[in-house]
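A.B. asks: One structure follows; several queries about it will come next.
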Amino acid sequence: MSLPCIAIDAMGGDEGVRVMIEGAALARRRHDTFRFLLVGDEVRIKAALEQHPNMRGASEILHCEDVVGGEEKPTQALRRSKTTSMGLAVNAVKQGDAGAAVSAGNTGALMAMSKLALRTMPGIDRPALAAVMPTLEEDDVVMLDLGANTEANARNLVQFAIMGAAYSRILTGRDEPRVRLLNIGTEEIKGTDSLRDAATQLQKATDLAMSFDGFVESDKINRGQVDVVVTDGFSGNIALKAIEGAARFVTDLLRAAFTSSLRSKVGFLVSRPATELLKHHLDPNNHNGAVFLGLNGVVVKSHGSATAAGVANAVAVAASLLENNLTQRITQDVADFERSLSSEPADQSGALS
């Protein structure tokens, strides 16, 4: 039986072929049961493979010189989906030639191409962009949606919760991840109608493989008290960038403080082990790899400025989701939820009580 395959958009990202191939090579050291379809300029890919012997026998090259630009509009990129490295990588998943696609290219274009080519899985109305972030505890927190949908109704939020919980079970190993809806307060009366309706539905669905207990505020996202944070893409994207900005602010503040005087520089040398640990914890490359959940196939978005280690993490995310059958898990969980709804008694108006 042939090994499962991951399609790599080798032309995407700020650094392009060199970093994408190096990252894939690093990932293969941890996931050596995968092969790769490397999509991009054949000459450049072959040159990069010379530095990574462990990739040569496990890789196939699909030649393509056309690249989606970083500032290109999704509608423009869609018209060239059959000729660009990004489009061909996603299409490999659609055709069954690969189980997952990884790209560091234009996020909007990747989202548009993935939605058009792969479509949403049964029972899912809209896909969501999910990513993991560090916490004060051992496990990371999954957050979604981070920009795929600027608006989300109660049904969308419930589906996001189901998908996020399935992802978290793979990530943390918890049988029932702690799921919360992002809100401006934890009281039941807080938030929009959609948030409150989604909370009511999730509280009633006691058979779901998650532990749902209402709302969480944004200052608790990284405290380690929750495994999955669910919100619409507008609020999620703002929260994510605020967290990333705060992390950079702390890092820059420490750098400025430690270089402000000779005494500060001595203090830095003394505290260097602690600051290195902080730097490692806040390094986005260690949590790189956002996932488009809810599609008929796995698509992972690597940050455009990711290092080879960051790309390796994104590829490892794709490999782990394939190994643990994420798509099948979500399909089963959604079906279980729909069955639980159909068994709920109806009120006098005919709505579910």
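A.B. asks: Residues in segment 53-71: is at least one within 19 Å of Val298 (Cα to Cα) and touching an Asp or Glu at 6+ places or on another chain (Cβ under 7 Å)?
C.D. replies: no
A.B. asks: Which one of Gly123, Gly87 is under 22 Å from Thr327 (Cβ atoms), touching a helix residue (DSSP H, G or I) at 6+ places or on another chain (Cβ under 9 Å), free of Cβ contacts under 8 Å to residues at least 40 places away in the same chain and not hydrophobic (A, V, I, L, M, F, W, C)?
C.D. replies: Gly87 is the lone residue from the list that is under 22 Å from Thr327 (Cβ atoms), touching a helix residue (DSSP H, G or I) at 6+ places or on another chain (Cβ under 9 Å), free of Cβ contacts under 8 Å to residues at least 40 places away in the same chain and not hydrophobic (A, V, I, L, M, F, W, C).
A.B. asks: Another one. Take the residues in segment 33-45 that are charged (D, E, K, R) and over 12 Å from Ala58 (Cα atoms), then tell me which one is surrounded by the most Cβ atoms within 10 Å (Cβ to Cβ).
C.D. replies: Once the filter is applied, the top-ranked residue is Asp41.
A.B. asks: Is it fair to say Gly13 is modelled with pLDDT of 90 or more, open to solvent by less than 70 Å² (accessible area, probe 1.4 Å) and closer than 22 Å to Gly99 by Cα?
C.D. replies: no
A.B. asks: For segment 205-219, name all the residues that are within 17 Å of Thr172 (Cβ to Cβ), of a type outside the set (A, V, I, L, M) and modelled with pLDDT of 90 or more.
C.D. replies: Within segment 205-219, Ser211, Phe212 qualify.
A.B. asks: Give the residue that is surrounded by the most Cβ atoms within 10 Å (Cβ to Cβ), with candidates limited to residues of segment 16-32 that are among the charged types (D, E, K, R) and modelled with pLDDT under 90.
C.D. replies: Within segment 16-32, the match that is surrounded by the most Cβ atoms within 10 Å (Cβ to Cβ) is Arg28.
A.B. asks: Oh, and also: In segment 204-215, how many are farther than 12 Å from Arg180 by Cβ and either surrounded by fewer than 16 Cβ atoms within 10 Å (Cβ to Cβ) or more than 21 Å from the chain's Cα centre (by Cα) (or both)?
C.D. replies: The qualifying residues number 5.
A.B. asks: Tell me, please, whether a residue that is farther than 24 Å from Leu293 by Cα and open to solvent by 30 Å² or more (accessible area, probe 1.4 Å) can be found in segment 74-84.
C.D. replies: Yes, segment 74-84 contains a residue that is farther than 24 Å from Leu293 by Cα and open to solvent by 30 Å² or more (accessible area, probe 1.4 Å).
A.B. asks: Looking at Ala48, is it buried (at least 19 other Cβ atoms within 10 Å of the Cβ), touching a residue at least 60 places away in the same chain (Cβ under 8 Å) and of a type outside the set (Lys, Arg)?
C.D. replies: no
A.B. asks: Next question, about the same structure. Can you tell me which residues in segment 166-202 are outside any helix (DSSP H, G or I), among the small types (Gly, Ala, Ser) and open to solvent by less than 40 Å² (accessible area, probe 1.4 Å)?
C.D. replies: Scanning segment 166-202 gives Gly185, Gly191.
A.B. asks: A follow-up question, please. How many residues, within segment 51-70, are without any contact (Cβ under 8 Å) to a residue 24 or more places away in the chain and out of contact with any Leu (no Cβ under 6 Å at 6 or more places or on another chain)?
C.D. replies: Looking only at that region, the number is 4.
A.B. asks: Any residue in segment 50-59 that is at pLDDT 90 or above and closer than 17 Å to Ala319 by Cα?
C.D. replies: Yes - at least one qualifying residue is present in segment 50-59.
A.B. asks: To continue, here is another question. Condition first: buried (at least 20 other Cβ atoms within 10 Å of the Cβ) and touching a Leu at 6+ places or on another chain (Cβ under 9 Å). Now tell me which residues in segment 216-230 satisfy that.
C.D. replies: Val216, Ile221, Asn222, Asp227, Val228, Val229, Val230
A.B. asks: Any residue at all in segment 51-60 that's more than 30 Å from Gln159 (Cβ to Cβ), of a type in the set (Lys, Arg) and touching a Gly at 6+ places or on another chain (Cβ under 7 Å)?
C.D. replies: No, segment 51-60 contains no residue that is more than 30 Å from Gln159 (Cβ to Cβ), of a type in the set (Lys, Arg) and touching a Gly at 6+ places or on another chain (Cβ under 7 Å).
A.B. asks: Let me ask something additional. Which residues, counting only those in segment 324-342, are over 15 Å from Gly297 (Cβ atoms), in contact (Cβ under 8 Å) with a residue 12 or more places away in the chain and charged (D, E, K, R)?
C.D. replies: Asp333, Asp336, Glu338
A.B. asks: Restricting to segment 147-165, name every residue that is open to solvent by 10 Å² or more (accessible area, probe 1.4 Å) and not polar (S, T, N, Q).
C.D. replies: Gly147, Ala148, Glu151, Ala152, Ala154, Arg155, listed by residue number.
The values are calculated or read from the model by the stated rules, or taken from the named source; none is laboratory data. Just so it is clear, the model here is predicted, and its values are computed rather than measured. Using ideal geometry, Cβ is built from the backbone for each residue, glycine included, and neighbour counts are taken over all protein chains shown. Just the protein is used for accessible areas: all its heavy atoms, side chains included, with ligands, DNA and RNA removed. Shrake-Rupley method; radii C 1.70, N 1.55, O 1.52, S 1.80 Å.
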